[in-house]
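For reference, the structure discussed in these notes is given below.
The values are calculated or read from the model by the stated rules, or taken from the named source; none is laboratory data. Everything numeric here is computed off the predicted structure, so don't read it as measured data. Ideal geometry is used to build each Cβ from the backbone, glycine not excepted, and the neighbour counts take in all protein chains shown. All accessible areas refer to the heavy atoms of the entire protein, side chains included, with ligands and DNA or RNA removed. Shrake-Rupley method; radii C 1.70, N 1.55, O 1.52, S 1.80 Å.
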Amino acid sequence: MKIPFVTFLPMEKEMEKDIREAFDRVFKRSWYIDGAEDKRFEKEFAEYCGAKYCVGVGNGLDALMLILKALGIGEGDEVIVPSNTYIATALAVTYVGAKPIFVEPDIHTFNINPEFIEEAISEKTKAIMPVHLYGQACDMERIMGIAKIHGLKVIEDCAQAHGATYKGKKVGTFGDAAGFSFYPGKNLGALGDAGAVVTNNKELADTVRALGNYGSDYKYHHIYKGNNSRLDELQAAFLVTKLSHLDKMNEERRQIARKYTEGITNPKVFIPYVNTDCVPVWHIYGIRCAERKALEKHLNEKGIGTNKHYPIPIHLQECYKDLNIPLGTLPTAEEISATELSIPMYYGMTDEEIQYVVDAINEF
C-alpha cells in the first residue's frame, strides 16, 4: 500500500465545485485586492476565532512580523520564542531588528515550557511569542500570567493551530495579537501563500493593515515605512469556502490521531502527549524514536510517507550562527530535532490506511 505523508486530493475532490465557484466570483468582479472576498473572510475568520478583528496579509511570517512592528518592537529589543519551532517564528523577530531569545520546550507536548520563561526575561525583553506547535495549544494561562507580571506583550503563533482550543477558548485570542498562516498544507490552507493577523485591539489592527499596505492609511498617504503584504481576493475566496469545512476536517484529524494513539504500542516509539486543557487540531502527528533513521527507512520501504519537524533546530542553523549558541546549549530542542518523525495525517485517510500505518510502526 502507498500512503503519502500528505495529500490534498480527498479534500479537493469534495470541494472542487465550491472552489471553482469561488474563482468565478472573483474573476467576474475583476477586483483582485481589498475587495468583497477579503472583507468577508476577515469578518468570518474573526468570528470563527472569537476575536473582534482580522487583517488578511500575504503569509504567516508577515503576520508575525507586522504584529511586532505594530507593537513598536525593534532594534535592541528581545522577544522570547520557543527553541523548537519552524524558523519563521524567529525570522519575524529578526526582521524587525530584535533578538530572538530561545526557551526550551516541554519534551512531552513539544510546546514552550513556561517553567523556563522567567529566567530568560531581561530588561530588554518586550514580548513572548508562544507557538501552538503541531496544532496543540500552549499553556496560555501560565504564559499570560508571566507576561502580566513582567509587563510583556504576547504574540501567539497560530500557524499550525486553526481552531485549536485551550480551556474551551480558541487560540489566537489570549495575547495581544496572533499570526496565522494559510499555506496550502495547513488545516485551513489557501491555494497559495496567505496569512492573517487576529486581535481584539482596533488600534493594533488598523496599524497592521496600514503597515501591510505600504504604510498607507489611505491612498497615496503613507504614515509608516510599510510593507506590501495583503491577502488577495482569490485566496480570500478560497479560504471563505474552506472555512465552512474546517471544524469537520479538524474533527476527522482528531479521530485519526485517536486511532494512532490507541493503536501504536511499540515501546520504542513515544506518541504525542495531550494536555487535558487542550483540544488539538493535529496539524502534525509527531512521534519520537531514538532509532528514527531506521524507523523512517522501515516505513518508507512499506510505502508510508514521513517527514521530520524539524531536523535542525533554529539555533544550529547556518543563518543564526551569529547568535553563538553552541550544540548542547538547548538539549531538549536538539533531542526533539533528532528523534521526531511525522507520520501521515490528512483529511480523507481511510481506516485501512490508518491501520496500515499503525501496524507498520508496531512491527518495527
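Only one of Ala92, Ala46 is surrounded by 21 or more Cβ atoms within 10 Å (Cβ to Cβ), in contact with an Asp or Glu (Cβ under 9 Å, 6 or more places away or on another chain) and part of a helix (DSSP H, G or I); which? Write out each step before concluding.
Details: Ala46 fails: in contact with an Asp or Glu (Cβ under 9 Å, 6 or more places away or on another chain).
Within the list Ala92, Ala46, the selection yields Ala92.
Output yes when any residue across the stretch 29-49 is within 20 Å of Asn200 (Cβ to Cβ), of a type in the set (Asp, Glu) and free of Cβ contacts under 8 Å to residues at least 24 places away in the same chain, and no when none is.
Yes: one or more hits.
Return the total of residues in the stretch 53-78 being touching a strand residue (DSSP E or B) at 6+ places or on another chain (Cβ under 9 Å) and open to solvent by 20 Å² or more (accessible area, probe 1.4 Å).
So the count comes out to 10.
Can you tell me which residue within the stretch 157-196, out of those that are more than 18 Å from Ile284 (Cα to Cα) and acidic (Asp, Glu), is least open to solvent (accessible area, probe 1.4 Å)?
Asp176
Taking into account only those residues within the stretch 220-268 that are buried (at least 20 other Cβ atoms within 10 Å of the Cβ) and touching a His at 6+ places or on another chain (Cβ under 9 Å), which is farthest from Met65 (Cα to Cα)?
Once the filter is applied, the top-ranked residue is Arg253.
I'm trying to understand the selection: among the residues of the stretch 292-311, which are in a loop (DSSP other than H, G, I, E, B) and without any contact (Cβ under 8 Å) to a residue 60 or more places away in the chain?
Narrowing the stretch 292-311 to residues in a loop (DSSP other than H, G, I, E, B): 302-303, 305-306, 308-311.
Scanning the stretch 292-311 gives Lys308, Pro311.
Check off (1) without any contact (Cβ under 8 Å) to a residue 40 or more places away in the chain; (2) open to solvent by less than 10 Å² (accessible area, probe 1.4 Å) for Leu133 and give me the number that stays unchecked.
Tallying (1) without any contact (Cβ under 8 Å) to a residue 40 or more places away in the chain; (2) open to solvent by less than 10 Å² (accessible area, probe 1.4 Å), Leu133 fails exactly one: (1).
Checking the conditions here, which among Tyr183, Tyr224 is under 22 Å from the mean Cα position of the chain (by Cα) and closer than 16 Å to Asp62 by Cβ? Lay out the reasoning, then the answer.
Details: Tyr224 fails: under 22 Å from the mean Cα position of the chain (by Cα).
Testing whether each residue is under 22 Å from the mean Cα position of the chain (by Cα) and closer than 16 Å to Asp62 by Cβ leaves just Tyr183.
How many residues are hydroxyl-bearing (Ser, Thr, Tyr) and in a helix (DSSP H, G or I) if we restrict to the stretch 211-256?
Going through the stretch 211-256, the residues hydroxyl-bearing (Ser, Thr, Tyr) turn out to be 214, 216, 218, 220, 224, 229, 241, 244.
Pick out the ones that are also in a helix (DSSP H, G or I) and you get 241.
Count: 1.
Return the residues of the stretch 146-156 that are in contact with a helix residue (DSSP H, G or I) (Cβ under 9 Å, 6 or more places away or on another chain) and either in a loop (DSSP other than H, G, I, E, B) or open to solvent by 30 Å² or more (accessible area, probe 1.4 Å) (or both); say none if nothing qualifies. Give the steps one after another, and end with the answer.
Looking only at the stretch 146-156, we keep the residues that are in contact with a helix residue (DSSP H, G or I) (Cβ under 9 Å, 6 or more places away or on another chain), and these are 146, 149-150, 152-156.
The answer is Ile149, His150, Leu152, Lys153.
Is there a residue in the stretch 110-119 that is open to solvent by less than 70 Å² (accessible area, probe 1.4 Å), assigned to a helix (DSSP H, G or I), at pLDDT 95 or above and not acidic (Asp, Glu)? Spell out how you get there, then give the answer.
Taking the stretch 110-119 as the starting set, the residues that turn out to be open to solvent by less than 70 Å² (accessible area, probe 1.4 Å) are 110-114, 117.
Imposing the further condition that a residue be assigned to a helix (DSSP H, G or I) reduces the set to 114.
Now drop any that are not at pLDDT 95 or above, which leaves 114.
Now drop any that are not not acidic (Asp, Glu), which leaves 114.
Checked the stretch 110-119: at least one residue is open to solvent by less than 70 Å² (accessible area, probe 1.4 Å), assigned to a helix (DSSP H, G or I), at pLDDT 95 or above and not acidic (Asp, Glu).
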